[in-house]
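Below: the structure, in structure tokens.
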Amino acid sequence: MKVKSFVTSMLILLTSLCSPVVASATPFKVLVVMSYEENNPWCQEIKEGIDSVLGKKSDITYFYMDTKSNFKGGADKAAAANELYRRLAPHGVITADDDAQAMYVLPYLKDRTDVPVMFCGVNADAKQYGFPTKNISGVLERAHVSESIAFLKQLLPSVKKIGFIVNNVPAGKALQRQVEAEKGKYLAAVSSFNLVSTSAELRKMAATLNKSTDAVYVDSLEGITDDQHRPMTNKEIFQVFREVYRKPIIGANSYHVEQGALCAVVKTGQEQGEIAANQLLQAMNGKPVSEIKIAQNNSGRRLINVDTMDTLGITPRPIVMIGATLVKTR
């Protein structure tokens, strides 16, 4: 009997060891609320960053507020995001860009939950939203304006006056505040900072800037409307601007250079997403949010559009090209 009992026990043990291991349940549920549209290049970059950190550790649900194409509908989208939040009961939340903070986090999450919330892509001063709080931290987005102007000067030393043109939205106004604060450090004078809302305004300002500047820095143009009041795509907006403005353009993002801007030192959505996702992972694993400091993007990538460089007749010194990523117009 003892031998039989021993053999039976060994068979049970071997069977358990040889049985396939059942995968454990996904440990975290995460809700990501994006300010803009799903096909927006910046949102796609942020998603890549988030997925690279949390993709194998979490069940991630993405919600898009579409405020570039329908800013007025943002409040309704925020309410829908909150209904989704209540149904999901996530372990953590990531909110991207300023519209999500103003329209969703402040009315629905701030001081109303203990669930950790990490923001990213925020252009405004965090204090404007009352951040940080006991459960809210994140990462600020700051454009590499000074570095981009310095890079342009390496490509084209004759540049002396820079103009700026952005959409008349919170992100554009936040960039304006950044430029006002740091323009004394730039290697070229800031001739003007221009906020526009329509394609007609864009054309008119492009003609003015063509006479008054040596180059223009563009950012946050998504959502400008055409003559039929339809929100335009990034590509459409850039085509309208380049038809009138014939001088060098500095982009703030990689897609600007891919669409025809001469150069940029770009911030990346991937960096924003990675930092916020790592912060949230720490919080969901038990680290108090109060110990997670607000961060800021640091990395920048130098990009040059070789098609535009040829069109403008620019022949840079070879040393300027070292380390830069060369792209062609898409």
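Worth a mention:
- Some residue of region 241-253 being modelled with pLDDT of 90 or more and over 23 Å from Ile162 (Cβ atoms): no
- In region 91-122, the residue that is nearest to Gly223 (Cα to Cα) out of those that are among the charged types (D, E, K, R) and out of contact with any Gly (no Cβ under 7 Å at 6 or more places or on another chain) is Asp98.
- Subset tally (residues that are free of Cβ contacts under 8 Å to residues at least 40 places away in the same chain and touching a helix residue (DSSP H, G or I) at 6+ places or on another chain (Cβ under 8 Å)) for region 206-235: 6
- Within the option set Leu140, Leu88, Leu152, being over 21 Å from Asp219 (Cα atoms), among the aliphatic types (A, V, I, L, M) and modelled with pLDDT of 95 or more holds for one residue only, Leu88.
- When region 206-260 is filtered for residues that are closer than 18 Å to Ser148 by Cβ, of a type in the set (A, V, I, L, M, F, W, C) and within 19 Å of the chain's Cα centre (by Cα), the ones remaining, listed by number, are Val218, Leu221, Phe238, Ile250, Ala252, Val257.
- The selection criterion, being outside any loop (DSSP other than H, G, I, E, B) and out of contact with any Leu (no Cβ under 8 Å at 6 or more places or on another chain), does not hold for Leu152.
- Members of region 239-252 that are in contact with a helix residue (DSSP H, G or I) (Cβ under 7 Å, 6 or more places away or on another chain) and assigned to a helix (DSSP H, G or I): Val240, Phe241, Val244
- Close pairs (6 angstrom Cβ cut-off, 6 or more residues apart or separate chains): among the charged types (D, E, K, R) in region 269-285, not in a helix (DSSP H, G or I) anywhere: Glu271/Asn297; Glu271/Ser299
- Listed by position, the helices (runs of 4 or more DSSP H) inside region 253-330 whose residues that are crowded, with 21+ Cβ neighbours inside 10 Å and aliphatic (A, V, I, L, M) number at least 1 are 254-258, 269-284.
- Looking at Leu175, Leu187, Leu221, Leu209, just one residue is at pLDDT 95 or above, buried (at least 22 other Cβ atoms within 10 Å of the Cβ) and not in a strand (DSSP E or B), and that residue is Leu209.
- Screening the candidates Leu209, Leu155 for the property of being closer than 21 Å to Arg301 by Cβ and of a type in the set (A, V, I, L, M, F, W, C) yields one hit, Leu155.
- When Gln296 is tested against (1) more than 16 Å from the chain's Cα centre (by Cα); (2) of a type outside the set (Gly, Ala, Ser); (3) under 18 Å from Thr133 (Cα atoms), only condition (1) is not met.
- Residues in region 47-94 that are part of a loop (DSSP other than H, G, I, E, B), surrounded by 17 or more Cβ atoms within 10 Å (Cβ to Cβ) and over 16 Å from the mean Cα position of the chain (by Cα): Ser69, Pro90, His91.
- Which numbered condition Val289 fails, given (1) in the same structural domain as Pro132 (by TED's automatic domain parsing); (2) under 28 Å from Gly73 (Cβ atoms): (2)
The values are calculated or read from the model by the stated rules, or taken from the named source; none is laboratory data. Here the structure is a predicted model, which is why all the values come from computation and not from measurement. All Cβ positions, glycine included, derive from the backbone under ideal geometry; neighbour counts span all protein chains shown.
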